[in-house]
Amino acid sequence: MKDQTNHKAIFIFGVSGSGKSTIGQLLSTSLKIPFFDGDDFHPDANIQKMSDGIPLTDSDRAPWLVRLNALAKENLAKGSCIIACSALKESYRVLLQQGINESVKWVHLNGSFEQISERLKLRKGHFMPPSLLQSQFDTLEYSEAAVVINIKSKPEEIVEIIKKEIVGKAEFGLYGLGVMGKSLSRNLASKGFKLALFNRHVDGVEENVARDFVNAFDELAKAIPFDHVEHFVNALEQPRKIMLMVNAGKTIDEVINSLLPYLSRGDIIIDGGNANYNQTNERESYLKSKEIFFIGAGVSGGEEGALRGPSIMPGGDQATYAKVSKFFNAIAAKDRNEHPCTTYIGPQGSGHFVKMIHNGIEYAEMQLLCEVYGILKSTGKNADEIAAILTDWKSTTNSYLLEITIDILRKKEGEFWLLDKIMDKAGNKGTGNWATIASAQLGMPSTMIATALFARYTSFYKDLRIDLDSKYRSDAAPQFNIDVNELLNAYQFARIINHYQGFQLINSASEKFEWNLNLSEIARIWTNGCIIRSELMIDLISILKESSNLLIHPKIVDQLQNYKSGMANIVAQSILNEIPVPCFSEAINFFNNITNATSTANLIQAQRDYFGAHTYQRIDDDSGKFHHTKWKE
Ligand code: 6PG
């Protein structure tokens, strides 16, 4: 199919006599795209009225504008086109661009009353009384979206200006050509978008990065490289759309401040990094005060995903999102129904919040696979044997992380497994930490994320672990016999608890911040492109449509009932054999807690009341009243 993302409908407007048809025709010849004179498309009734000398009303014009909109749509399916039309009012232009907002470009041929009336006088057989021309000027509403060109320039010059401003400019800017920025750029370029690419210049370290990158890939033939911010910004058509792919944190603010002097009202900045959602909220408000719009977009999938199709989680103002959605839709991975794995997430920093929880779920999913590996290793199996077991699991519980784990287990360096050579200290870039903080702030027991995070932190104490190992661990080799099917059940059980907690956390933020997030849609855009894509995620699309609380859905109830005994046994056996299984044990502990109608929190309440007179409610008092007891007479 021919790529339609780059097609444009160029509407040339202005008062009568501004030269719309002349310029339209010249531009059409120069660009080799069709030109249509809007006047040729009036319904018969309008033509009749005009020839009777009766001015058209707004409702007379409506069907004509709708017809021109259809004409533009029809042509956009095939290529670009130019339409001249005296779309003097904003409401007319709204009708003209309905459904094709992103493809429409406006050119306003602007002249003073004097300029136009001089011209009209010179036109043979066409004299408009000054009163009628004045009424056109009275009607004219300027468009913020239009390229405004003064008609005093020669027609050929006007055509060149239009070509430079609309056709010659890049439609999307990407700032920061690290691994992710490069992959996203190639993905965007391969979808037909004309790009401006920027990478900073650092003497001796980052020199000509954008230029060399553009030269290295055929798909970037039309991309324009920069290492000068002002030139980069000026190369973009307005409203500018600039996606930042730089390190989260203060770098983002520095970059924003370096761009600001060159931006214009209505331009859009997209932060595609793993930013903290609170900072995204602040940046959005700060930029709004400068009439610049901001989208915080989580992007998942790593280098390969960014290149072939990531999952994208954009948050911010919905009208701003509408102006950039075509880029996201074009480059995102596709779900099973060929729909893009991206959607409008919600206002403010909700996109970055959802990406943060994605990463939290990712931490726990990774940790669970580590624990499976640890358990199987303790039974004496080597990496290939473990890989073979996990390969069998693919038919039951496949996921991207399971697949890459199998690849990793099989990777050898000479006769040794590479995995055995990798230092067992886990790094992190902060999103699991933020997710844990957010869960505590929201009062949500997202214990799987926190446990996975703390397991990484624990791993980091390598020297201490070596020391304590010699002091505490029994010498006896583990006598560990496990049933692999039971382990599979335990793994599935823990994954459900992990996903339950993750979606509950998103739901609670949605309610607290009034974001109105759609959990099922979030599951859908996580079914491809992202790191936590899995068969389970596909099941969750329909389950979350029926219930935001996974644990009460009959399908999940059945599954957890099935897997439960295996889960308890695996955890018990692991603990008896001194095998650390923090996330597995947390899954069953949390489950035992949340499914227990009578908890031991009555004792907590009593203790609090005892030492601090914090009061407690009674189960034999329906009023909900708080009581205090003098515990010591
Ligand atoms: C993704 C990943 C990606 C990145 C994480 C890793 O969705 O593509 O989550 O965002 O790999 O930042 O985070 P840690 O370094 O904290 O593991």
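Rule-based calculations on the coordinates, nothing more; no lab input. Everything numeric here is computed off the predicted structure, so don't read it as measured data. Virtual Cβ from ideal backbone geometry, glycine too; neighbours counted across all protein chains shown.
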### Message
Using 26 Å as the Cα-Cα cut-off, could you pick out the over-long pairs in 182/545; 32/182; 163/250; 429/462; 191/394; 105/152?
### Response
182/545; 32/182; 163/250; 191/394
### Message
Under the rule a/c < 1.5 gives rounded, and otherwise a/b versus b/c splits prolate from oblate, where does segment 9-167 land using the Cα gyration tensor?
### Response
oblate
### Task
Within segment 575-601, which residues have the backbone N less than 17 Å from the label spot 7 Å out from residue 631 along Cα→beta-carbon, could you tell me?
600-601
## Note on the structure
Taking 573-586, 344-357 and ranking on average Cβ neighbours within 10 Å, highest first, one gets 344-357, 573-586
### Query
How much length is gained if the chain between residue 460 and residue 407 is pulled fully straight, taking 0.36 nm per residue apart and subtracting their Cα-Cα distance, in nm to one decimal?
16.6 nm
### Query
Separation of segment 28-84 and segment 161-226 by C-alpha centroid, Å?
37 Å
### Query
Between residue 257 and residue 602, what length in nm is gained on full extension when 0.36 nm per residue of separation is reduced by their alpha carbon distance?
118.8 nm
### Message
Could you list 442, 174, 259 so that the one with the fewest beta carbons within 10 Å of its beta carbon is first and the one with the most is last?
### Response
442, 259, 174
### Query
What ranking do 631, 106 get, fewest neighbouring Cβ atoms within 10 angstrom at the top?
631, 106
### Summary
Going from the fewest other Cβ atoms within 10 Å to the most, one would list 13, 36 as 36, 13
## Note on the structure
Straight-line reach check, residue 78, cutoff 15 Å on alpha carbons, 8 or more apart in-chain or any other chain, hits among aspartates and glutamates -> 3
### Message
Report for the chain the percent antiparallel among DSSP-assigned beta bridges with both residues inside it, nearest 5.
### Response
25 percent
### Task
Under 1.5 on a/c is rounded, so check that first for segment 504-633, then, if it is not, pick prolate when a/b is larger than b/c and oblate when it is not; a ≥ b ≥ c are the square roots of the alpha carbon gyration tensor eigenvalues.
oblate
### Residues whose placed amide H lies under 5 Å from that of residue 334, excluding near-sequence neighbours
341
### Query
Between residue 288 and residue 418, what is the label-to-label distance in nm when each label sits 7 Å out along the Cα-to-Cβ direction?
4.7 nm
### Message
Nearest 500 deg cm²/dmol is fine: what mean residue ellipticity at 222 nm does the chain get from its DSSP H runs of n ≥ 4 alone, each adding -39,500 (n - 2.57), divided by its residue count?
### Response
-16500 deg cm²/dmol
